[in-house]
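One structure below.
We did not get these values from a lab; they are worked out from the coordinates using the rules stated. All values reported here derive from a predicted model rather than from experimental measurement. Cβ: placed from backbone, ideal geometry, glycine included. Neighbour counts: every protein chain shown.
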Amino acid sequence: MTATTYVGKPTSRVDGRAKVTGEAKYAAEFNTPGLTYGYVLSSAIAKGKIKKIDASDALSLDGVLQIFTHENAPRPAYFDRKFKDDDSVAGSPFKPLYDAEIKFSQQPIGLVVADSFEVARYAASLVKVEYEAEQPDTNLRRKPKGHKAPKGKTGFVPPKDRGNADKAFKNAEVQFEAEYFHMPEHHNPMEMFASTVIMEEDGKLKIYDKTQGAFNSQTYVTKVFGLSKEEARVINPYIGGGFGSGLRPQYQLYLAVMAALELKRSVRVVLTRQQMFSFGHRPGTLQTVALGAAQDGTLQSIKHEALAETSRFEEYTETVVNWSGMLYHCDNVKLGYYLRNLDLYTPLDMRAPGAATGIIATETALDELSYKLNIDPLELRLINYAEENEFEGKPFSSKALRECYHQGAEKFGWARRKPQPRSTREGTKLIGWGVATGMWDAQQQKAAAKANLSIDGKLVVGSGTADIGTGTYTAMTMIAAETLGLPLEDVTFKLGDTTLPQAPLQGGSWTVSSVGTAVQEACEAVGKKLLKMAKKMKNSPLSGASFEDVEFVEGKVQLKGDYASGVSIIEAMRQGEVNFIEEETTALPNFLKQMKYARNSHSAVFVEVEVDEDLGQICVRRVVSAIAGGRVISPKTARSQILGGVVWGISMALHEESVLDHNLGRFMNHNLAEYHVAVNADIHDIEVIFVEEHDDIVNPLGAKGLGEIGIVGVAAAVGNAIYHATGKRVRDFPITLDKLL
Ligand code: MOS
């Protein structure tokens with residue numbers, strides 16, 4: 001690409017109008033004649049057995065079609081085999097309505113199907129359930145006994161020790177050690193989980209599902225119910241927020257498909273907000289960090305241990321501690337990661353899983369060490385800058401973190417920081433500044449795309465990826481328009497349908513790098529055909545040109561930079577006597593090229609808080625987030641991703657916690673009134689800086705992905721600013737005002 005028309009230039013969302021006018025439809029909004037409605041019955045206990053279910057009153061209600069429980073629900077033939085989804089973890093996935101055993105609070109124990117939602121919901125209230133309850137254990141903080149290292153093959157096992165961290169810690173001039181904790185959190189996307197399963201006349205299923213991966217839901221449905229891919233098409237054109245919650249097929253999908261197959265009817269199942277707290281959360285972790293340093297700030301020892309929770313039936317793991325061995329240069333590193341089984345549902349990936357929580361501990365501890373050393377916290381990070389991934393001994397494919405520190409500090413005015421805590425006040429408000437580093441992976445997955453250019457100059461590109469709000473529609477449209485030199489208005493990008501070429505789950509910040517590369521390659525394949533036709537034209541100025549010599553600009557193919565050599569692509573197709581050109585390609589990561597390098601995105605986050613000295617109220621007044629995330633394809637939606645990450649980071653630091661009643665084993669604040677998220681009034685000035693990085697190793701586009709890096713480091717930076725403001729260190733997140741008083 002030479003002349004850049006769209007890539008790197010701010011473009012408004014191509015799906016923006018559809019979203020604000022309500023034209024965009026979500027899983028629970030697709031209708032069909034004769035649709036029936038399922039309402040999920042949730043367990044009132046967290047552990048034990050169902051002794052008896054009496055559904056007779058509910059069944060006799062007008063409009064109730066069936067009530068499925070473990071007593072009468074089918075057990076599909078494939079149920080007992082090890083079916084896995086693309087985000088499965090080690091263990092045995094939860095099987096809804098399988099037996100009388102209760103494994104977690106709000107476990108689905110029945111599905112009432114009726115001809116209206118209201119009747120189904122009312123009928124559900126009439127079902128009488130008797131339980132034999134046992135005392136659940138849901139308390140990660142109860143002094144750990146018998147925790148264990150994860151054993152699953154899919155687990156994120158920390159790398160082996162580097163040097164001798166225990167000895168180096170003992171011998172270090174300055175030592176610091178502390179324990180950190182953060183509460184579990186729930187994703188709380190705006191859109192409820194829903195599946196509308198339409199039973200077509202030929203018995204095939206058309207499934208509108210809220211998922212981050214249509215193919216993942218399809219695989220699950222076909223494997224569990226023994227259907228062919230043709231019999232189960234999954235569609236998800238719009239998703240009202242995912243954040244990881246849609247990486248695994250959720251139980252409403254199972255229940256809706258099961259009921260549709262049993263009743264031979266179309267069925268919709270929508271979960272309530274309360275039920276959205278029943279299928280996966282960011283796990284709470286208890287972490288200890290020990291740092292040893294020389295008086296000049298050089299890190300001599302890093303020790304980081306985390307105890308995390310998982311369910312009793314699966315082993316969920318995430319990369320919590322590994323970052324501590326990659327963020328800074330240090331010869332002696334020791335990491336540990338342990339799990340405890342609790343009577344909760346299996347945790348689930350949530351935006352930057354592991355990094356968002358592990359780096360809270362690392363980056364808070366480093367801040368604490370900086371005060372012990374009397375070294376500016378930013379300076380301390382620069383002193384210990386890692387030039388390579390020291391675990392793997394590999395260079396980074398690119399790493400402009402130093403520039404993030406410099407540009408972020410400059411914008412923020414960090415040089416004016418007074419080193420002492422409690423040194424700035426405005427009336428009753430204490431003002432503080434904090435900094436933290438963030439890090440995430442730059443991954444690429446196998447993905448396919450199809451491009452179809454028709455003689456009217458319209459280009460349709462498709463790939464079965466998703467757009468959970470990240471801007472996929474926009475970025476892909478831009479890449480396609482750019483590659484073939486077409487106006488944005490003439491390009492349509494389709495996603496969210498298993499009839500499109502296969503794409504991975506939308507997660508891991510890898511959509512632009514994976515699907516974007518596939519889109520570019522599919523469009524280039526069309527371009528190659530176009531060039532062939534253009535070359536065959538009479539007196540073609542391109543006759544001797546190879547694909548590398550040409551570019552596509554304003555509907556023409558021309559020698560690079562030579563406008564006069566341009567040939568209209570429509571004219572080329574006309575003379576080539578084709579009405580359309582269609583090409584499908586599968587883009588694979590270049591493993592040989594990539595494996596020699598560590599591939600990561602980085603960030604530096606600067607935060608200013610004000611804390612009311614008397615009331616403890618905290619306000620994050622300013623954030624500067626400087627991001628090194630490779631090439632930025634779509635600056636406007638990219639900035640929105642980072643803004644969203646920062647907002648969530650603030651929310652993590654100050655508000656979000658899923659509060660358990662350990663007697664009941666239940667998340668008690670299962671609604672948006674009591675589960676606090678940052679709202680407009682909590683959010684003030686946020687500046688995003690994208691630091692330039694050129695990287696042709698991560699993928700041909702040079703994009704590292706920006707969906708997750710924005711949140712990493714933010715909560716630590718907020719906590720560090722609060723300490724600087726107040727002189728009080730809170731190691732227990734979220735930092736609510738009661739902890740400051
Ligand atoms: Mo993300 S937690 O990979 O949706």
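For trypsin sites (Lys or Arg not before Pro), the sites in the range 589-669 that DSSP calls loop and that have at most 14 other Cβ atoms within 10 Å are K596. Between the range 322-392 and the range 641-719, what is the separation of their alpha carbon centroids in Å? Comparing the Cα centres of the range 322-392 and the range 641-719, I get a distance of 17 Å. Under the criterion of Cα pairs below 8 Å and six or more residues apart, the relative contact order for the range 447-588 equals 33 percent.
Per-residue ellipticity at 222 nm computed for the chain from its helices equals -7000 deg cm²/dmol, with DSSP H segments shorter than 4 residues left out and the rest contributing -39,500 (n - 2.57).
Computed 3J(HN,Hα) for the range 287-300, one whole-Hz value per residue from the Karplus formula 6.51 cos²θ - 1.76 cosθ + 1.60 where θ = phi - 60°, is 10, 10, 10, 10, 10, x, 9, 7, 4, 7, x, 5, 6, 10, glycine and proline marked x. Say the cut-off is 23 Å between C-alpha atoms; which of K9/K394; K418/K728; K82/K128; K103/K206; K82/K264 go over it? Correct reply: K9/K394; K82/K128; K103/K206; K82/K264. Take the Cα of K204, step 7 Å toward its Cβ, do the same at E23, and the gap between the two points is 2.7 nm. Residues whose amide H lies under 5 Å from that of K394, counting only those 5 or more places away or on a different chain, are N389; hydrogens are built 1.01 Å from N in the peptide plane.
Think of the chain as a dipole: +1 on every Lys or Arg Cβ, -1 on every Asp or Glu Cβ, centred on the Cα centre; then among I360, P158, A449, P158 lies furthest on the positive end. Pairs of Cα atoms nearer than 8 Å and 6+ residues apart set the relative contact order; for the chain it is 17 percent.
Taken along the Cα-to-beta-carbon direction at a fixed 7 Å, the label points for M190 and K52 span 4.7 nm. Loop-located GluC sites (Glu not before Pro) in the range 1-79 (DSSP state not H, G, I, E or B) with no more than 13 neighbouring Cβ atoms inside 10 Å: E23. The fraction of all Cα pairs in the chain landing in successive 20 Å bins from 0 to the largest distance is 17, 46, 31, 6, 0, given as whole percents.
Taking 0.36 nm per residue of separation and subtracting the Cα-Cα distance, full extension of the segment from E130 to D161 would add 6.0 nm. Sequence-distant contacts, meaning Cα pairs under 8 Å at least 6 residues apart, place the relative contact order of the range 1-135 at 43 percent.
Evaluated with a Cβ-only charge set (Lys, Arg +1; Asp, Glu -1), the range 447-588 carries a dipole of roughly 360 debye about its Cα centre, given to the nearest 20. Look at the Cα gyration tensor of the range 447-588: its axes a ≥ b ≥ c give a/c of at least 1.5 with a/b over b/c, and that counts as prolate. Measuring against 19 Å, Cα to Cα, the residue pairs K47/K95; K95/K223; K399/K596; K25/K84 contain K25/K84 as the ones spanning a longer distance.
Placing a pseudo-label 7 Å from each Cα along the Cα-to-Cβ vector at L592 and R729 gives an inter-label distance of 5.1 nm. On full extension, the segment bounded by D331 and N72 gains 87.2 nm, given 0.36 nm per residue less the C-alpha separation.
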